[in-house]
Amino acid sequence: MPEAPLPPLSLLEARVLGVLVEKERTVPDTYPLSLNALTAGCNQKTSRNPVIDAAESEVQAALDTLRRHSLVIESSGSRTMRYSHNVKRVFGLPSQSVALLAMLALRGPQTAAELRGNCERLERFADISSVEGFLDEMAARPHGALVMLLPRQPGAREARWMHLLGGAPAPEMLAAGSPVAEPGRIAIADGQSLEARLSQLEREVAELREALAALANAR
């Protein structure tokens, strides 16, 4: 257990930890992972949210940071360096909590029911209440919460959990009425809502049609 709270991790650093936990349990024959395999796991297009495209040099930099905090252990393989996680020991967590934390780092905020299903290959939970029990323990840690329950969104049946490895969530995520981006959804760079952007496009299309009609009449 660290004496002082660890500094917030970047998205890639948290992703690296998630991948190491996942691959330890799903492909134990190739674990610890090489840098190449770890990079491929970080950039995986399935079971990841958000999907990223990190270079090996970026993953190596993330590993170096995690090693300084004892969260990653480097070992020498037959021909290449290999990496394993140390999450269970550093945070003093049971294997069930490690699996849940990793899944949140890999897939973003999820409900307890979603976590139970997504963790099936990593750790099997008897029911949703057991998942919630481990999440509650991580949220009430005296040395700093590792997860938190977000306000339930309008129309949603359940609230979602998120990890706090990257620090406190953005204020908009704590607003009960704020919309939540769905996996794979494209964000509008200028901050416009999707509805506003669609309305603008519809107006532009209408103006183009009017211009084309005017040209046709002029002939």
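The values are calculated or read from the model by the stated rules, or taken from the named source; none is laboratory data. Given the structure is predicted, the values throughout are model-derived calculations rather than measurements. Positions of Cβ are generated from backbone atoms using ideal geometry, with glycine treated the same way; all protein chains shown enter the neighbour counts. Ligands, DNA and RNA are stripped out before the accessible areas are found, and what is left, the full protein with its side chains, is counted by its heavy atoms. Shrake-Rupley method; radii C 1.70, N 1.55, O 1.52, S 1.80 Å.
What separates the Cα centres of the stretch 1-66 and the stretch 137-156 is a distance of 23 Å. Measuring only protein heavy atoms, the 1.4 Å probe finds K88 accessible over about 110 Å².
When the GluC sites (Glu not before Pro) in the stretch 1-82 are filtered for DSSP coil states and for at most 15 other beta-carbon atoms within 10 Å of their beta-carbon, the remaining sites are E3.
Got a sec? What order do Y83, Y31 fall in by accessible area at 1.4 Å, biggest, i.e. largest, first?
Y31, Y83
Once the 1.4 Å probe is applied to the protein heavy atoms, the stretch 1-157 comes out at 50 Å² accessible per residue. Per-residue 3J(HN,Hα) values for the stretch 38-52, derived from phi via the Karplus relation 6.51 cos²θ - 1.76 cosθ + 1.60 with θ = phi - 60°, read 5, 4, 4, x, 5, 8, 3, 8, 10, 6, 9, 8, x, 7, 10 Hz in sequence order (x marks Gly and Pro).
Return the carbon/sulfur percentage of the accessible area of the stretch 11-171, one whole number, probe 1.4 Å, all protein chains in place. Its accessible area is 49 percent carbon and sulfur atoms.
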